[in-house]
Amino acid sequence: MSYKIKHNTKNEVNEPMAMYITQSSSTPFYDLLSTKPAKSSSEFDIIKLARQGFPKKTLLVLAKKISLTIQELSGILHISERTLQRYEDDAIIKTEYAEKAVELARLYARGEEVFGSMDKFKLWIKTPGLVFNGEAPVSILDTSAGFDMVFKELGRIEYGIFA
């Protein structure tokens with residue numbers, strides 16, 4: 001089987017422009033990770049923050065904003081509830097937990113964008129669905145594959161493609 005490559009004589013890139021459109025200077029999910037609204041932050045600020053780690057109180061603020069219990073949060077982060085509770089509020093948690101918290105904040109910001117409200121997304125993410133084998137989407141967020149599945153399903157919902 002051979003494929004014929006069609007050369008573009010106009011030197012144009014045939015990719016959607018949306019691939020190159022960047023977000024505004026304020027990262028929407030940053031507000032979920034902060035006790036005060038962000039003036040201006042970039043993706044690199046978030047990377048720096050995740051690399052440095054967060055104080056425990058940042059995780060607790062995130063959990064409260066997205067209506068997760070300490071048990072749900074500790075399951076997603078792969079940290080025992082007791083270990084999480086032992087941290088002092090200002091103690092910096094490990095980077096791998098901070099990275100997962102950033103991903104969680106990104107997911108919830110995306111969900112709010114797709115559903116038009118955080119409350120609607122919070123209801124959806126805790127409701128079991130056939131797409132997730134009868135599990136609630138929040139219950140599969142303990143794996144990177146689970147995060148991918150939920151992000152993909154949000155894309156399908158956004159474009160009206162229901163499984």
Tell me which helices (runs of 4 or more DSSP H) are completely within the range 51-163 and hold 3 or more residues being out of contact with any Leu (no Cβ under 7 Å at 6 or more places or on another chain) and either of a type in the set (Gly, Ala, Ser) or within 17 Å of Ser34 (Cβ to Cβ) (or both), or say none if there are none. 56-65, 95-115, 144-158
The range 116-126, residues that are without any contact (Cβ under 8 Å) to a residue 24 or more places away in the chain, surrounded by fewer than 22 Cβ atoms within 10 Å (Cβ to Cβ) and among the hydrophobic types (A, V, I, L, M, F, W, C): Leu123, Trp124
Take the residues of the range 74-96 that are farther than 17 Å from Lys57 by Cβ and buried (at least 17 other Cβ atoms within 10 Å of the Cβ): which is farthest from the chain's Cα centre (by Cα)? Gly75
Looking only at residues in the range 121-163 that are farther than 22 Å from Leu77 by Cβ and among the aromatic types (Phe, Trp, Tyr), which one is modelled with the highest pLDDT? Tyr159
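Here's the yes/no breakdown for (1) surrounded by fewer than 17 Cβ atoms within 10 Å (Cβ to Cβ); (2) in contact (Cβ under 8 Å) with a residue 12 or more places away in the chain; (3) among the β-branched types (Val, Ile, Thr):
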site: Glu72; (1), (2), (3): no, yes, no
site: Val102; (1), (2), (3): no, yes, yes
site: Tyr108; (1), (2), (3): no, yes, no
site: Gly111; (1), (2), (3): no, yes, no
site: Gly134; (1), (2), (3): yes, no, no
site: Lys152; (1), (2), (3): yes, no, no
Positions within the range 33-49 being at pLDDT 75 or above, surrounded by 16 or more Cβ atoms within 10 Å (Cβ to Cβ) and over 15 Å from Ile76 (Cβ atoms), in sequence order: Ile46, Leu49
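The values are calculated or read from the model by the stated rules, or taken from the named source; none is laboratory data. Only a predicted model underlies this, so the values are computations on that prediction, with no experimental measurement involved. Please note: Cβ atoms are built from the backbone with ideal geometry, for glycine as well, and neighbour counts cover all protein chains shown.
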